[in-house]
Amino acid sequence: MRRRPVTLGPLEAMEKGSPKNQQTRLCFLASLSAFFWILLLYFHFVVLGSSPTVEESITLQPVKLESPLVNVESVPSLVTDARVEKEKPAPVKPVQDTAGKKVVPYPFMRALRTVENKSDPCGGRYIYVQKLPPRFNEDMLKECRSLSLWTNMCKFTSNKGLGPPLENVEGVFENTGWYATNQFAVDVIFSNRMKQYECLTNDSSIAAAIFVPFYAGFDIARYLWGYNISTRDAASLDLVDWLMKRPEWGIMGGKDHFLVAGRITWDFRRLSDEESDWGNKLLFLPAARNMSMLVVESSPWNANDFGIPYPTYFHPAKDEEVFIWQDRMRKLERKWLFSFAGAPRPGNQKSIRRQIIDQCRNSKVCKLLECDFGESKCHSPSSIMQMFQSSLFCLQPQGDSYTRRSAFDSMLAGCIPVFFHPGSAYTQYTWHLPKNFTTYSVFIPEDDIRKRNVSIEERLSQISPEQVKIMRETVINLIPRLIYADPRSKLETLRDAFDVAVQAVIDKVTRLRRNIIQGRTEYDNFVEENSWKYDLLDEGQREVGAHEWDPFFSKPKDEQRDQSAEAAKNSWKNEQREQ
């Protein structure tokens, strides 16, 4: 029987086949090898070659907030740093771009680069607002009757914090834009103005600063009398705990965060944990020391709070309302050389109010509006504004603390303020008032009044009418930046107190970020207890020295803080005497 031949596989056939089949095999292998090398070259030059450089990737790639890159402990600051994490974050390691230059991928680089986008009107001006639980703000307004021991704050929190409209019965105001605003209502006014800010963003990685809408002033106001320190501190501790768990906090350890409190700083600087001590300790909390806090009166010896104007009665909705008011103040006939509205402070042996009242009462060119408990014209906005409108100069001595709302009411009326302590304005409102205080005010040292070395009438009479006119024009031109526009609208060409404050915060955070990149600090040999001096430096100056106002702030710090805390307590007792 004949055996059938075995069938060969294709490779075996090629091996045992003709020379032609072997040549075909070699061509196939060469083609396969060429295709492999072409594919490898394409991947190297096209795919890898199109990837962005290190510097481009820093610019274009979004910042991952969940994994902060900045070592918070290494960020230079004028104030005490807060430890954000239990474990110290890894330090930022420089990388090299294509030119071999070291580039540090700070998470805030994207925010800084928005400044370079000239087509973006909000470049370098974006604000991110933390979405706080309502217990930190709106819930307080629902319990508005508990916000003050003596005042029903419900009517004052109406109209977005402006209070009820003022009727222009006596013709002192204009018909629109005037409200019975409480002097401590900045918390809610500022937060509502922020809702109208034109450069809000939901992307915190491009934010120039981060706003924390905590009603700190309202929080402490409800617990100052009859509550223990645990209750007074509770919301502040809860707030910083909430903030420090947020990814935005890890970027700069809170140094790009800011909040607003419509009370004086001493309400938030309790010196100890004794139950009898005043206020809470918000501004002494390590985390809060990294944030910026805007208050109506700041501390000369601390770097984490900044003074902003008290609210006045005027809240314009349009630029034209401001222009009309300014023109009216220019044309007024002012029959009084100077005036004073206030009450004596018999319990304060260092107060000069009694001497001021005596000098005014004995002068034929001074208008006096005495304030005390009970019915008083000091509680009448029209009476106060009418007096200021009829005066060339308005006396503004210290109250229970350095500052007074009256200073801003008087300037709103075109009246030139007379200060007796630099802490009443000059070291407070450096964002809003000219550093050259002689252009808009008169300064008479307290000791000159206390020792009866100076007659206020004689001192003011020596200023020429031409100089008075120049100073009054400066005051009137300052009005837009000293008032808070209606939170339900937005001024078009004018910058109000809110705009000035927000831009100042942005500038502060931007300088800090650039200093971090450059590995430098803003000031040489910074001493926090001299904070008031640094605020008065001209741009580019980095050191402070002796100052003419040193005697006003040279007492031992603890002694002055004790006196300031006592003054804060007294201010609540005297709140009903005057505005």
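The values are calculated or read from the model by the stated rules, or taken from the named source; none is laboratory data. Predicted model, so just to flag it, every value in this text is computed and none were measured. Ideal geometry is used to build each Cβ from the backbone, glycine not excepted, and the neighbour counts take in all protein chains shown. Keep in mind that these areas ignore ligands, DNA and RNA; they rest on the heavy atoms of the full protein, side chains included. Shrake-Rupley method; radii C 1.70, N 1.55, O 1.52, S 1.80 Å.
When Lys245, Lys155, Lys160 are checked against the criterion of being basic (Lys, Arg) and within 21 Å of Val500 (Cβ to Cβ), Lys160 stands alone in meeting it. Report yes if Phe314 is in contact with a strand residue (DSSP E or B) (Cβ under 9 Å, 6 or more places away or on another chain), among the aromatic types (Phe, Trp, Tyr) and closer than 11 Å to Tyr429 by Cα, otherwise no. No; evaluated as a whole, the condition is false for this residue. Of the residues making up the stretch 286-309, those that are surrounded by 21 or more Cβ atoms within 10 Å (Cβ to Cβ) and part of a loop (DSSP other than H, G, I, E, B) number 9.
Could we say that Ser272 is open to solvent by 30 Å² or more (accessible area, probe 1.4 Å) and over 24 Å from Pro487 (Cβ atoms) here? Spelling it out, Ser272 is indeed open to solvent by 30 Å² or more (accessible area, probe 1.4 Å) and over 24 Å from Pro487 (Cβ atoms). For the stretch 145-176, a tally of residues being in a loop (DSSP other than H, G, I, E, B), touching a Phe, Trp or Tyr at 6+ places or on another chain (Cβ under 9 Å) and without any contact (Cβ under 8 Å) to a residue 24 or more places away in the chain returns 4. Would you check if there is a residue in the stretch 203-216 being open to solvent by 10 Å² or more (accessible area, probe 1.4 Å) and assigned to a loop (DSSP other than H, G, I, E, B)? Yes, some residue in the stretch 203-216 is open to solvent by 10 Å² or more (accessible area, probe 1.4 Å) and assigned to a loop (DSSP other than H, G, I, E, B). Pro487 meets each of the listed conditions (1) open to solvent by less than 10 Å² (accessible area, probe 1.4 Å); (2) farther than 23 Å from Ala413 by Cα apart from (2).
Within the stretch 333-349, the residues that satisfy the criterion of being closer than 28 Å to Val186 by Cβ and either out of contact with any strand residue (DSSP E or B) (no Cβ under 9 Å at 6 or more places or on another chain) or not hydrophobic (A, V, I, L, M, F, W, C) (or both) are Ser339, Gly342, Pro344, Arg345, Gly347, Asn348. Checking each residue in the stretch 310-344 for being over 32 Å from the mean Cα position of the chain (by Cα) and either exposed (fewer than 14 other Cβ atoms within 10 Å of the Cβ) or not polar (S, T, N, Q) (or both) picks out Lys331, Leu332, Glu333, Arg334, Lys335, Trp336, Leu337, Phe338, Pro344.
Highlighted here are the helices (runs of 4 or more DSSP H) found entirely within the stretch 322-440 that include at least 3 residues which are touching a helix residue (DSSP H, G or I) at 6+ places or on another chain (Cβ under 8 Å), closer than 22 Å to Gly171 by Cβ and at pLDDT 95 or above: 381-389, 406-412.
Evaluated against (1) part of a helix (DSSP H, G or I); (2) in contact with a Lys or Arg (Cβ under 8 Å, 6 or more places away or on another chain); (3) of a type in the set (Asp, Glu), Glu522 falls short on exactly one condition, (1).
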